[in-house]
1. For the stretch 7-14, state whether one or more residues are out of contact with any strand residue (DSSP E or B) (no Cβ under 8 Å at 6 or more places or on another chain) and under 21 Å from residue 95 (Cβ atoms).
2. How many residues does the stretch 118-132 contain that are touching a strand residue (DSSP E or B) at 6+ places or on another chain (Cβ under 6 Å) and closer than 24 Å to residue 106 by Cα?
3. Do you know which of the residues in the stretch 69-81 that are more than 8 Å from residue 8 (Cα to Cα) and surrounded by 20 or more Cβ atoms within 10 Å (Cβ to Cβ) is farthest from the chain's Cα centre (by Cα)?
């Protein structure tokens, strides 16, 4: 099944076309804050490169967060709009889960972290054992001190940004990795093969904490 995958949760944007485990085409927009402007341009590029049209898609996968609030909304809105227009399934994958699945190679327990700013991290624990990859905890927002306390329960830390302090204080393997559309497509393919996708799920963005920007004061003409 040919699938379009969209990843926008960490500030930039990447898209790919996959067919099972094969990546047919891929494109990435490096400029921060250009998702809304460039996303459909990159989608048109990879459709052409793969030699297919929108009507040939069987599903759309999108990262649902956590990550950049605005970026997540842009990616999910685009993905769901395409799914509605084509009447095909929407598949949502967590950025934390994608980060861990990409990097956990070999059996063991991992703590997946995304730098959320303000001394906070989005966090979730995962385990890979007997060819089964699964979460050990719910996704949550934690403080730096919590990372240190949770390190005793895992074998390695996977983080989306380099944090030298982790390597100095925590006696664990620290892996620095990024998340792109190819990684989301690989996780989606794993879930599909293992019957782990709930196609009926009505996915919402996974934010985990309140946004930094607060609504302005309401006036009589705000409606």
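Values in this text are rule-based calculations from the coordinates and carry no lab data. None of these values were measured; they are calculated from a predicted model. Methodologically, a virtual Cβ is constructed for each residue, glycine included, from the backbone with ideal geometry; neighbour enumeration extends over all protein chains shown.
1. Taking every residue of the stretch 7-14 in turn, at least one turns out to be out of contact with any strand residue (DSSP E or B) (no Cβ under 8 Å at 6 or more places or on another chain) and under 21 Å from residue 95 (Cβ atoms).
2. The total comes to 6.
3. Per the criteria, the residue is 78.
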